[in-house]
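Bear in mind these aren't lab numbers, they're just calculated from the coordinates by the rules spelled out. Every value quoted in this text rests on a predicted model; they were computed, and no experiment measured them. Here the Cβ is made from the backbone with ideal geometry for all residues, glycine too, and neighbour counts use every protein chain on show.
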Amino acid sequence: MIKETIQNRRTIPLFDAERSVDQSIIEDAIIAASWAPNHHLTEPWHFYQLGDKKTAAYTELLYEVINEYKGPALAQSKKHKAGTVPGWLVVTCTTNAETNLMLVEDYAAVCCAIQNLMLVLWDSGVGTKWSTGIITRDNRFYDVLGIDRSQQEIVGLIPYGYPKKVPEPRARKELSQILTQTD
């Protein structure tokens, strides 16, 4: 069962803007995400669910940031597309680890949590897209969300909703290309 969910999950670029996702589905997925493996049980993740005001502030900032780097046409297109997404999550990792190794372990744990989140949502028919675009590294985005960058790092911006269309799967590398057996 889990293998099929993993293999069938797709990154969803377009969502059905007319269909909202029940809050209980999001909360169940976040609870499942919190069961990700994490060294020393640090639970270094935090989830921000954007409401209407934060979503509006995000889409305005997205326009500004994309306009600065790529121009107004692409900025307007990205802003419009972002405005049709039914829901947004931002996932962060604490950055107050005692060692560099612990920082890496915590970051990896948050990545596992995001995968759990996306798989549980997919199993409920909800699509996602894990974004790490330039907006997630912009200090202004941290300000919009009220996140102290000295304490947390954004690991993923996750739009979610019911898929408008599910993309076809792409082929993966053969096992012989990704597995080396040693003595």
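For the range 84-97, 3J(HN,Hα) computed residue by residue from phi via the Karplus equation (6.51, -1.76, 1.60; θ = phi - 60°) reads 9, 6, x, x, 9, 10, 10, 10, 10, 10, 5, 10, 9, 5 Hz, glycine and proline entered as x.
Loop only by DSSP, 15 or fewer other Cβ within 10 Å of the Cβ. Give me the GluC sites (Glu not before Pro) in the range 81-183 that pass, ordered by residue number. Intermediate values should be presented prior to the final figure.
Working: sites: Glu98, Glu105, Glu153, Glu174; in loops: Glu98, Glu174.
Within the range 81-183, the qualifying GluC sites (Glu not before Pro) (loop, at most 15 other Cβ atoms within 10 Å) are Glu98, Glu174.
For the chain, what is the convex hull volume of the alpha-carbon atoms per residue, in Å³? If you can, show how the numbers build up before the last one.
Numbers: hull volume 29.9 nm³, N = 183.
Hull volume normalised by residue count: 163 Å³.
Our coupling estimate for the range 122-136, obtained by passing each phi through the Karplus curve with A = 6.51, B = -1.76, C = 1.60 and θ = phi - 60°, is 4, 4, 9, x, 9, x, 9, 9, 8, 10, 10, x, 4, 4, 6 Hz, Gly and Pro reported as x. For the range 2-178, the relative contact order comes to 37 percent (Cα pairs under 8 Å, sequence separation of at least 6).
Using DSSP to call loops (not H, G, I, E or B), can you name the trypsin sites (Lys or Arg not before Pro) in the range 107-173 whose Cβ has at most 11 other Cβ atoms within 10 angstrom? Provide the component values of the computation, followed by the final result.
On the way: sites: Lys129, Arg137, Arg140, Arg149, Lys164, Lys165, Arg170, Arg172, Lys173; in loops: Lys129, Arg149, Lys164, Lys165, Arg170, Arg172, Lys173.
Taking the range 107-173 and a limit of 11 other Cβ atoms within 10 Å, the loop trypsin sites (Lys or Arg not before Pro) found are Arg170, Arg172, Lys173.
This ranking places Glu43, Glu68 by how few other beta-carbon atoms lie within 10 Å of each, fewest first, which gives Glu68, Glu43. Scanning residues 5 or more positions from Val155 or on other chains, those with amide H under 5 Å from its amide H are Val91, Thr92, Cys93, with H placed 1.01 Å from N in the peptide plane. A simple rule links phi to the HN-Hα coupling: the Karplus curve 6.51 cos²θ - 1.76 cosθ + 1.60 with θ = phi - 60°, which for the range 59-69 gives 5, 5, 5, 4, 4, 4, 5, 5, 4, 4, 9 Hz, with x for Gly and Pro.
Order by neighbour count: Asp22, Asp143, fewest other Cβ atoms within 10 Å first, most last.
On the way: Asp22 10, Asp143 13.
Starting with the residue having the fewest Cβ neighbours, the order is Asp22, Asp143.
Can you sort Asp52, Asp148 so the residue with the fewest Cβ neighbours within 10 Å comes first? Write down the numbers at each step before the final one.
Values: Asp52 7, Asp148 10.
Ascending Cβ contact count within 10 Å gives the list Asp52, Asp148.
Here is the list for the range 1-54: GluC sites (Glu not before Pro) lying in DSSP coil, each with at most 10 other C-beta atoms within 10 angstrom of its C-beta, are Glu18.
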